[in-house]
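Shown next, in structure tokens, is the structure this report addresses.
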Amino acid sequence: MRPETLAFVLIAIIIAASAIATVAIGFSRRNKEGNPDYDRRTKKNFTRLTLYYVVATILGFGGLAVYLYYFL
């Protein structure tokens, strides 16, 4: 496997794991008991988190593309 392919795969794995962990924490019983307002603002919270992930994904892959273009 080429280094740039490995880098793309690693970034995708990290993003997927982060998204799964965020959703798991959001739906956890402990989180709901600790912050009852969270359920009332679920749509707003998930919309904001989705936006963060989209921006992080674009920046991550953009940074990788710049690195591959200029440094490899």
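The values are calculated or read from the model by the stated rules, or taken from the named source; none is laboratory data. As the structure is a computational prediction, the values presented were derived from the model and not from experiment. Cβ: placed from backbone, ideal geometry, glycine included. Neighbour counts: every protein chain shown.
Checking Ala16, Ala21, Ala56 one by one, the residue that is small (Gly, Ala, Ser) and in contact with a Ser or Thr (Cβ under 9 Å, 6 or more places away or on another chain) is Ala56 and no other. Among the residues here, Tyr53 qualifies as surrounded by 12 or more Cβ atoms within 10 Å (Cβ to Cβ) and at pLDDT 80 or above.
Let's see how each residue does on (1) touching a helix residue (DSSP H, G or I) at 6+ places or on another chain (Cβ under 8 Å); (2) aliphatic (A, V, I, L, M):
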residue	(1), (2)
Phe8	yes, no
Ala16	no, yes
Gly26	yes, no
Arg29	no, no
Glu33	no, no
Arg41	no, no
Tyr53	yes, no
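Close Cβ contacts (under 7 Å, 6 or more residues apart or on different chains) running from residues in the stretch 49-72 that are over 30 Å from Gly26 (Cα atoms) to residues that are in a helix (DSSP H, G or I) comprise Leu68/Glu4; Leu72/Glu4.
The set of residues from the stretch 24-43 being under 25 Å from Gly60 (Cα atoms) and either of a type in the set (S, T, N, Q) or at pLDDT below 85 (or both) comprises Ile25, Gly26.
The criterion of being of a type outside the set (D, E, K, R) and more than 14 Å from the chain's Cα centre (by Cα) does not hold for Phe46.
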